[in-house]
Structures are given as C-alpha cells and as structure tokens.
Amino acid sequence: MKKLCKKVTAALLLLLSISFAACGTKEPAAPETPETPSTIGEGLFTPGTYEGTAKGYHGDITLTVTVDENNILEIKSEHTETEGLGDKAVATLTEAALEKASLSMDLVSGATYSSQGFLAALEAALVKAGADVEKLKVKESVEVEKKDQEFDTEVAIIGGGGAGLAAAVSAHQNGAKVLLVEKMPNVGGNTIISGSAFNAVDPKRQSAQGIEDSVEKHFQQTYEGGDKQGDPELVRVLVENAYPTIEWLESLGMKFTDKVFTVLGALWPRSHKPVEPLGTGYVNTFMNYINEHKDDITVLTEVEAKELLVNADGAVTGFLAEGKNGKITVNAKNGVIVATGGFGANVEMRDQYNTIWPKLTNIKTTNHRGATGDGIIMAEKVNASIVQMENIQLLPMGDPVTGSLSGNIEQGVENRIFINAEGNRFVDEGARRDVMTKALMEQTESMMWVIVDKHSYPTDDTVNNFNETMESLVKEGRAYKADTLEDLAKQIGVEPENLVKAVEAFNASVDGAEDEFGRTLFMDKLDTAPFYAGKRVPTVHHTMGGIKITPETRVVDQNGEIIKGLFAAGEVTGGIHGSNRLGGNALADVHTFGRIAGATAASEGK
Ligand code: ADP
C-alpha cells in the first residue's frame, strides 16, 4: 500500500474554508533531531521531532511531529484514510494542533475513527516529547461572549446535506436570498458519506451500454418495489426529474462517469457514479456555487434549528436555533425548507416507530450521528402530517464493526454472490433490499460473505465504491484474498465444498440455467482468480417515513391543507419510496426534490 503525505485537494480546501500546506508547518522551520528530554524547562515539550502511530479507519496514521518548548511547529502525516473524509479530518486536526498545542480538539464529524486515530498518534508523539498529556487533554474554557443574533432572509433552509444544499443553490438561481443552517461542524450529512449512486433513465449512457430502460420502468420498479405504498404522484416527479437533475448538476460542474451500473437493490442498471469519491462530488459542486455567491447565500454551521416560528395566520415565518455563542432567530420572508435528513441514528425514535423488523436497538447504522429526525419533530409540532414512519430501511451490507457501508467489496449487483457461514447461497442477490436483509437475518449469526473475483478487482489498487483499494482492505483484514475458492473458504472458515458448489451453480446460471433463488441479474462468471471475500451484517440505512409533501414540496398538515411557508425535501420527507426504497433512488430523490423546493420557496409570494 502506498503511503502518502496527503495533499489536500482544492475541493477539500473549499469545504474546510481554511488553507494549509500538504504537511502542516508553522514558521520557523523545525529542528531536524530531538534534543535530550532533560532539556525540558517551564515549557510543554522538549524541542525536537518525534513520531507517533495509531490506528485510523483504514490502518495506521503515522505523524512526525516537530515541537519547540510550547508549540507544535510541524506535523507530517502518513496515512491511507478515505479521500474527501478521513484525510479532511487529519488536515483539520493538523491545522488545529498547529494553531494551539492541545489534545482536546473536537472529533471531525463523519470521520470519528480517523479523528481518534490522529489524536492517538499525536498523543504518542507528544509523550515522547515529554508532554504532560493529561494537561493537554483538558479543554480550556474559553470565555466567549454570548450574543444572540437575528437574521432576515427570503428562503431559510434547515440542514446542509444533499437536499438542503441543492435547495440553497436552486433558490438562489431562482432569485432568492438564502440562509442555511447546519448543526454539524461541516455540511454534507449522510449525502457526503453515501456510496453516491444516483438512478436516472439516461438517454446517453444507457444506450451506449446497450441497456434498455424507460421512465415508465423506473416508475414501476420504484412504486412496486415499495409495495405500492409510495404516493404515485411523488414517484412520478422523482423518475421524470431524475435525469434533468443530473443535467442540472452537470451544468453546475459536477462530473459523472460514463458507465452506469446496478447498485445494491436498484433492480436495474441505471445507477450513475460521480467521478469524485463517495458523496463529495455533490457537496463540492454545491459549495463551489455557494462560495461564488456568498453575498446572497449564507451558510452557518454548528447552528441547530430547534423550533419553527408560526404567525397568527398559521404561516411559517422562520425558526429559532442555537449556535455556539447564543440563540439565533431566522426570519424568512418566503418561508422555511426543512432538509434535516432521516432518523437512522436516533435509536429511540427507531424503536418508537419500528413495527416491521425485529428489535433494532442494537443494530448499527450507516448514518452520520446528526441523522436524529429533528425536522420531523419540529414539523410535527406545527401540525404537519407525518407518514409511514414504520418504513425503515436496513441493508445487508454493514461493516461488522462500525455498521458503515465502507469496506463493502461489491462493485455492482451482477458480479457477486452472498454466502452464509456454512458457505451456501441463501437469496437472490439482485432482490429488493428488504428481501435480502430479512433473508440475512435468518442466517447463522445474521452475517454473510460477499464473494467476488478478478472481474471486480482487475488489479490490487482497484478501488471499491468507497475509494478503498482491495490491497488495503486485505491488509487490514477487512477482506480476504485467495487463488482458489477452497483456500478462500478455509481463510473465512466456511465449508470449502459448499462454496465451490455455490459458485458452480452460479456460473451455470450465468450460462442460462435457471437460478435456484430466481436471480436474473448476471454478467461475468466467478471463475477468475484471485477470489475475494468480505464480511457483512444488517445495518440501518434509510428512514422512508417523514413529512408529507406535495409534488411542489409544500408541507401538508394533518387536515390535508398546505402549511403556508413550510417546505420539505430529502430523507426528512415521507411517502415517496413506500415500504422499500430502491438502491440509488435516495440521491435522485434528495437532489430532485431539493432543487424543486428551492424553486418553489423562491417563487413564494412573487
Ligand atoms: P438529505 O439526504 O435529505 O439531504 P442528509 O443526512 O444528507 O439528508 O443531510 C441532512 C443534514 O441536516 C445533516 O447534515 C444534518 O446534520 C442536518 N441537520 C439535522 N438536524 C438539524 C437541525 N436541527 N439543525 C440544523 N441542521 C440539522
């Protein structure tokens, strides 16, 4: 695995809005070698250069730290953390440590393991520098003057994930002044950590690949794939506007690869993949636009909306929020767009509404920790209709340790199979997500192995959908590699004979034999070494219930009337996907409806 002194990309700089060198340095230049520890005087450190290593999300983070008596002068980092997320955390914390020598920095949201790894590596280095690390871990209580603030805008948006950012750009393009609040230190939400697939019927890319498709087919699969519980009008808006939304994103500078694929549970090859890793492409595209229009679009991070404001006529006129330095009142002439995402990370709320799964209390989630359902709770308090809250989506694809999607070795549906602890297949791997997860829950220890071969990873440095190379996954023990299926079976502890038989039957189905589980999506045989296996467990992924909206994204109240001045878009809304959301339909949904919400809110009162 190639170790990098990570360079921070321009896109990343944009997200962070700070600048720093590839390896953080502060003048003057650091001494090359440590002096003897006994030279420590009144200061914090013995001047010199020290190394510290600790485990990050994808293996070791090694820091080479140069200090003088009281300051950290330079931090050189070597690591393989996820581009666009983990490396961002390392860069942010490097900057913070150079600013003030401390071990009490906040973890960077969405990159907890990378942040913890960085801090542990820094601590190891500073111990060698003779530091009193316990002292460095104490958070200084900085006396910040508390100051309440009030903002006036036209369109106010709560939440800076895909839906909120799309709404901000679209509202501005439609002539409105915009203010967006995000409760976390960084925008991005679940969107930035997603696998990034976006379903759309694409006249260009699909025909180039010889894939037949139609908007009608996308409609049927979405509607029927959710057991016809979704509102057909909203499904229609989604499938008809998904491709125009791709074109809109492209007009803003976003790049998608030429090939479409079938993401897990998508049922059809119409999933688009951005060129930038994970969901960073969407967020960077919006933030580029927003940074170019700072006079008219304000983004406030670490500001948590708490309560919607309603006037005597029942119209929503703004919201109250809490920032680090005090209360914030936002007055919005046109109204408020709620784009706070789902409640996958709110265990209490999951348990409150779950009726279709066995207890979810101890199931991990793919979600970021801000996915706590705030918008649903706020909207309910102003009498909004909240629908289909029991429709909670689980995936069979969680990392066994973290529940996250990263580490998943499948490259698409066609070229992989799932086997259980005994080495047998147990489900149609091209089925709906709920069908696959329910089947997985019935297997020994509710776990499975994803099996792929060289077709999915032609080279060791081929990356999965989470920008991780197969080489790094194998090295970290998160995937297994073998030249024969028998050897692979031995490594993962399943019956070799069963695995060989399962693969033989699958290969026969690729040649046209009827599949035992009714699978229909095939491409290549699993017949080319090396073979790979990766372990997966059920994980909570998406909450399909939420605020009821009209096709224009206006919020509907419990009597079926529109609540003036209130709009909602993205995972916070309910009733689009029904009982089961197709893979790849979430990003299509959040960006399509976010874009519509921006336009609707901008036109309000005009
Ligand atoms: P979507 O895909 O629908 O855009 P995301 O999860 O990507 O959903 O984004 C939702 C965003 O809203 C997250 O960044 C989350 O931190 C933010 N958020 C949630 N609740 C609040 C709140 N009360 N105030 C401000 N931001 C919030």
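The values are calculated or read from the model by the stated rules, or taken from the named source; none is laboratory data. The structure displayed is predicted, hence computed values, not measured ones. So basically every Cβ, Gly included, is an ideal-geometry build from the backbone, and we count neighbours across all protein chains shown. With ligands, DNA and RNA removed, areas are computed over all heavy atoms of the protein, side chains included. Shrake-Rupley method; radii C 1.70, N 1.55, O 1.52, S 1.80 Å.
Some notes on this structure:
- Among the residues listed as V67, V133, V127, V90, the single one being open to solvent by 60 Å² or more (accessible area, probe 1.4 Å) and of a type outside the set (D, E, K, R): V127
- For region 588-606, the set of residues classified as open to solvent by 10 Å² or more (accessible area, probe 1.4 Å), touching a helix residue (DSSP H, G or I) at 6+ places or on another chain (Cβ under 6 Å) and of a type in the set (A, V, I, L, M, F, W, C) consists of V590, A599, listed by residue number.
- Residues of region 259-280 that turn out to be crowded, with 24+ Cβ neighbours inside 10 Å and more than 27 Å from F522 (Cβ to Cβ), as a count: 3
- The residue of region 93-111 that is most open to solvent (accessible area, probe 1.4 Å), among those that are in contact (Cβ under 8 Å) with a residue 40 or more places away in the chain and either among the charged types (D, E, K, R) or in a loop (DSSP other than H, G, I, E, B) (or both), is D106.
- The listed residue being crowded, with 24+ Cβ neighbours inside 10 Å and more than 23 Å from the chain's Cα centre (by Cα), out of A167, A171, A163: A171
- Of everything in region 555-605 that is assigned to a loop (DSSP other than H, G, I, E, B), of a type in the set (D, E, K, R) and within 16 Å of the ligand (Cβ to nearest atom), the residue that is nearest to L252 (Cα to Cα) is E571.
- A121 passes every criterion in (1) at pLDDT 95 or above; (2) in contact with a helix residue (DSSP H, G or I) (Cβ under 8 Å, 6 or more places away or on another chain) apart from (2).
- Listed by first and then second residue, the pairs linking a residue in region 163-174 that is near the ligand (Cβ under 8 Å from one of its atoms) to a residue that is not in a helix (DSSP H, G or I), with Cβ atoms under 6 Å apart and 6 or more places separating them unless they lie on different chains, are A163/A339; A163/A569; A163/G570; G164/I157; G164/L180; G164/A339.
- Answer residue from region 283-335, given it is among the aromatic types (F, W, Y) and within 13 Å of the ligand (Cβ to nearest atom) and is farthest from I193 (Cα to Cα) among those: F319
- Filtering region 496-522 to residues that are open to solvent by 60 Å² or more (accessible area, probe 1.4 Å) and either in contact (Cβ under 8 Å) with a residue 40 or more places away in the chain or among the basic types (K, R) (or both) leaves E497, K501, E516, F517, T520.
- Residue count for region 523-554, restricted to those that are outside any loop (DSSP other than H, G, I, E, B), open to solvent by less than 10 Å² (accessible area, probe 1.4 Å), away from the ligand (no atom under 16 Å from the Cβ) and not basic (K, R): 3.
- Selection count, region 345-376, where residues are among the basic types (K, R), closer than 14 Å to H541 by Cα and more than 16 Å from the ligand (Cβ to nearest atom): 1
- The residue that is surrounded by the most Cβ atoms within 10 Å (Cβ to Cβ), counting only those in region 191-222 that are among the small types (G, A, S) and either part of a loop (DSSP other than H, G, I, E, B) or within 16 Å of the ligand (Cβ to nearest atom) (or both), is A200.
- Checked against (1) free of Cβ contacts under 8 Å to residues at least 40 places away in the same chain; (2) closer than 20 Å to G574 by Cβ, G341 passes all but condition (1).
- Within the set T222, T245, T257, the sole residue that is touching a Pro at 6+ places or on another chain (Cβ under 9 Å), at pLDDT 95 or above and of a type in the set (V, I, T) turns out to be T257.
- Filtered by the rule that a residue be β-branched (V, I, T), assigned to a strand (DSSP E or B) and open to solvent by 10 Å² or more (accessible area, probe 1.4 Å), region 329-348 gives a lone residue, T329.
- Extreme residue, surrounded by the most Cβ atoms within 10 Å (Cβ to Cβ), among residues of region 369-387 that are within 23 Å of the chain's Cα centre (by Cα) and outside any helix (DSSP H, G or I): G373
- Cβ-Cβ under 9 Å pairs, at least 6 apart or on other chains, region 175-190 side under 13 Å from I328 (Cα atoms) and open to solvent by 20 Å² or more (accessible area, probe 1.4 Å), far side near the ligand (Cβ under 6 Å from one of its atoms) and in a strand (DSSP E or B): K183/I158; K183/E304; K183/A305
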